[in-house]
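Asker: Sharing a structure here in structure tokens format.
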Amino acid sequence: MRKLFINGGNPLHGEVEISGAKNSALPILAATLLLDGKLSLTNIPLLNDVIIMMRVLRSLGLRVEYCEPDTMNVWINSKIRHVAPYELVIKMRASFFIIGPMVARIGLARVPLPGGCAIGFRPVNYYLKGLETLGAKVEMEHGFVKAYAAKLKGAPIYLDFPSVGATESLMMAATLAEGETVIENAAQEPEIVDLQNFLNKCGAKISGAGTQTIVINGVNSLKAADYRIIPDRIEAGTMMTAAAITKGDLTIKNFIPDHLSAVIVKLQEAGVEVECGKDCARVFAKERLKALNIKTLPYPGFPTDMQPQFTSLLSIAKGTSVITESIFENRFMHVQELKRMGADIQIEGHSIIIEGVPKLSAAPVRASDLRAGAALVLAALCAEGETLINDMERYIDRGYEKIVQKLSKIGADVKEIK
Ligand code: EPZ
């Protein structure tokens, strides 16, 4: 088990490059099940979650190879298996995205029910209801969802909540359905626009991604095409918060500031200087930050995947902050660990009240999920003393590529022990 040791107190400075987006790579890899031929995807981060998706695709009969520094080559032929392995899907919920493309491509899918995780129950009812609306039969058997249809039929789908995964999986399914599908109250995240652009490059007819209404006109087949995915806005937001929490001066490169407007506005409200360019931003802070009120919302609202990082940031701000989590029912697991480091935080239902303290002090802590892990890394970067963070593989490596190298390069005193 890899451990991370961080000696806090160094203001971060210099330049950091952002990797490709995990939450774009995963649905786009799942979408390759719809295609025929060979393609190369670039800007793909080598993360544990991406490796799991690679193994899922291989188990379904695709040939998948990763070539440093960031290319995934995929060969797809028509012999796709219809059963996804339990031991892989339970490791990573996003594996369930494959159900839409599988039913659309081979007419049958047996995919394990992903089950909940540390941040919530995370049911898949919107996926299943949407597939039934497209004419699929959906049954539960032995912990697997079995979905089948000779040919999906386009139809209007209304999502009760703008679920990212359900929007992506149903958008993929509708690309090979007969006729038109309209997804209303769709999620609007940039990763959904990236998926639309990739599929349209492969011959799909999709419009409206990035808005509440997505229109898909089904086609008979899709041809593999090379594609470069977007940068990871959550990694960029995490690095911005690292500059702010250490009172550093960082230039974050190779990302799209427009994808992070809600985060940038909140940083500036707290007193952080953020100067944006087309694909980069300089972030610096000299004074103690001001308290904030934040509510997580679907895009373009404040991203839930940045909530734990801002909890760490506001733990040392001046005054009382309130953060309300409206997306997941159990996403405050990092709070107990931050309190071990001297933070003053009360949980009240779906909100936390943070009384800013002058400083945090190092302590051994344990991450409970990916972004909680990021919050603990940020807290350790500003804490007095050396913090030990356990279990890197299970959490931080799932979503942050080469994090130790990147942090060391910008002045953090960080080392990992295998
Ligand atoms: C995606 O998860 C991201 N994961 C998550 O990032 C992110 O937190 C989330 O969107 C919200 O932005 C990937 O893209 C791989 P949802 P997803 O479906 O698609 C409920 C990270 O840290 N819901 O939008 O699983 C659900 O329980 C991860 O990188 C249903 O009730 O999220 C949740 O409360 C964590 N029924 C809410 O909707 C359904 O059928 C939003 O979930 C589907 C979802």
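Asker: Using only Cα atoms, locate the centre of segment 43-116 and the centre of segment 358-418, then give the distance between them in Å, rounded to an integer.
Answerer: Between the Cα centres of segment 43-116 and segment 358-418 lies a distance of 29 Å.
Asker: Could you state the angle between the C-alpha long axis of helix 370-382 and the longest principal axis of the C-alpha atoms of the chain, as a value from 0 to 90 degrees rounded to the nearest 10?
Answerer: Around 20 degrees separate the two axes.
Asker: Return the FRET efficiency for the residue pair residue 182, residue 73: r is the Cβ-Cβ distance, R0 is 35 Å, and the value is rounded to the nearest 0.05. The partial results should precede the final answer.
Answerer: Working: r = 34 Å, r/R0 = 0.98.
Efficiency computed from Cβ-Cβ geometry: 0.55.
Asker: Could you give the angle, 0 to 90 degrees to the nearest 10, between helix 190-201's Cα long axis and the longest principal axis of the Cα atoms of the chain?
Answerer: Taking Cα atoms only, the helix is inclined about 30 degrees.
Asker: Would you kindly derive the ³J(HN,Hα) couplings of segment 17-25 from the backbone phi angles with the Karplus curve 6.51 cos²θ - 1.76 cosθ + 1.60 (θ = phi - 60°), listing them in order in whole Hz, with x for Gly and Pro?
Answerer: My calculation for segment 17-25 gives 8, 8, 7, x, 7, 4, 7, 9, 4 Hz in order.
Asker: Leaving out ligands and nucleic acids, and using a 1.4 Å probe, what accessible area per residue does the chain come to in Å²? List each step's numbers first, then the result.
Answerer: On the way: 15820 Å² over 418 residues.
That works out to 38 Å² for each residue.
Asker: Taking the DSSP beta bridges in segment 224-351 as the whole, what percent of them are antiparallel, to the nearest 5?
Answerer: Values: 11 of 16 bridges.
Counting only bridges with both partners in segment 224-351, antiparallel ones make up about 70 percent.
Asker: Using a 10 Å Cβ count of at most 16 others and DSSP loop calls, identify the longest part of the chain lacking such GluC sites (Glu not before Pro). Don't jump to the answer; show the numbers that get you there.
Answerer: On the way: sites that count: 287, 329, 393.
The reported range is 1-286.
Asker: Leaving out ligands, DNA and RNA, what percent of the accessible area of segment 9-136 is carbon and sulfur, probe 1.4 Å?
Answerer: Carbon plus sulfur share of accessible area: 55 percent.
Asker: Give the shape of segment 259-394 as rounded, prolate or oblate, defined through the alpha-carbon gyration tensor: a ≥ b ≥ c are the square roots of its eigenvalues, a/c under 1.5 means rounded, and otherwise the shape is prolate if a/b is larger than b/c and oblate if not. Could you put the intermediate results ahead of the total?
Answerer: Numbers: a/c = 1.36, a/b = 1.22, b/c = 1.12.
Rounded is the answer for segment 259-394, as its axis ratio a/c remains below 1.5.
Asker: I've got another one for you. Using θ = phi - 60° and the Karplus curve 6.51 cos²θ - 1.76 cosθ + 1.60, what whole-Hz ³J(HN,Hα) does each residue of segment 410-418 get, with Gly and Pro shown as x?
Answerer: Values per residue, Gly and Pro as x: 9, x, 6, 8, 10, 9, 10, 10, 7 Hz.
Asker: Shifting gears a bit: How far apart, in nm, are the 7 Å Cα→Cβ label points at residue 318 and residue 81?
Answerer: That separation, rounded to one decimal, is 6.1 nm.
Asker: Going by a ≥ b ≥ c, the root eigenvalues of the Cα gyration tensor, does segment 70-224 fall in the rounded group (a/c under 1.5), the prolate group (a/b larger than b/c) or the oblate group?
Answerer: Details: a/c = 1.29, a/b = 1.17, b/c = 1.10.
Rounded shape, in that the Cα axes give a/c under 1.5.
Asker: Give the ranking of 400, 299, 227 by solvent-accessible surface, highest area first, calculated with a 1.4 Å probe.
Answerer: Numbers: 400 10, 299 55, 227 30 Å².
In descending accessible area the options line up as 299, 227, 400.
Asker: Specify whether the C-alpha gyration tensor of segment 70-121 places it in the rounded, prolate or oblate class, a ≥ b ≥ c being the square roots of the eigenvalues: rounded for a/c under 1.5, otherwise prolate if a/b is larger than b/c and oblate if not. Please report the intermediate quantities before stating the final value.
Answerer: Details: a/c = 2.43, a/b = 1.45, b/c = 1.67.
Because a/c hits 1.5 or more and a/b fails to exceed b/c, segment 70-121 counts as oblate.
Asker: Please report, as a whole percent, how much of the solvent-accessible surface of segment 292-418 comes from carbon and sulfur atoms (probe radius 1.4 Å).
Answerer: Numbers: 2530 of 4760 Å².
So the carbon and sulfur contribution to the accessible surface is 53 percent.
Asker: Also, I was wondering about something else. Are there any trypsin sites (Lys or Arg not before Pro) in segment 11-95 that are in a DSSP loop and have at most 16 other Cβ atoms within 10 Å? List them by number. Walk me through the numbers on the way to the answer.
Answerer: On the way: sites: 22, 38, 55, 58, 63, 79, 81, 91, 93; in loops: 79, 81, 91.
Sites meeting the loop and neighbour criteria: 79, 81.
Asker: Which of the trypsin sites (Lys or Arg not before Pro) across segment 100-184 are loop residues per DSSP, with 16 or fewer other Cβ within 10 Å? Provide the component values of the computation, followed by the final result.
Answerer: Numbers: sites: 105, 110, 129, 137, 146, 151, 153; in loops: 151.
Taking segment 100-184 and a limit of 16 other Cβ atoms within 10 Å, the loop trypsin sites (Lys or Arg not before Pro) found are 151.
Asker: Of 295/339; 278/402; 22/201; 137/295; 3/38, which ones are farther than 29 Å apart at the Cα?
Answerer: Working: 295/339 21 Å; 278/402 24 Å; 22/201 20 Å; 137/295 38 Å; 3/38 39 Å.
Beyond 29 Å between Cα atoms: 137/295; 3/38.
Asker: If I stretch the segment between residue 393 and residue 160 completely, what's the gain in nm (0.36 nm per residue apart, minus their alpha carbon distance), one decimal? Intermediate results must be reported in sequence, preceding the final value.
Answerer: On the way: separation 233, 0.36 × 233 = 83.88 nm, distance 3.46 nm.
Full extension of this stretch gives 80.4 nm more.
The values are calculated or read from the model by the stated rules, or taken from the named source; none is laboratory data. Everything numeric in this text was worked out from a predicted model, so none of it was measured. So basically every Cβ, Gly included, is an ideal-geometry build from the backbone, and we count neighbours across all protein chains shown. For the accessible areas, the whole protein counts, side chains as well, though only heavy atoms, and no ligand, DNA or RNA atoms are used. Shrake-Rupley method; radii C 1.70, N 1.55, O 1.52, S 1.80 Å.
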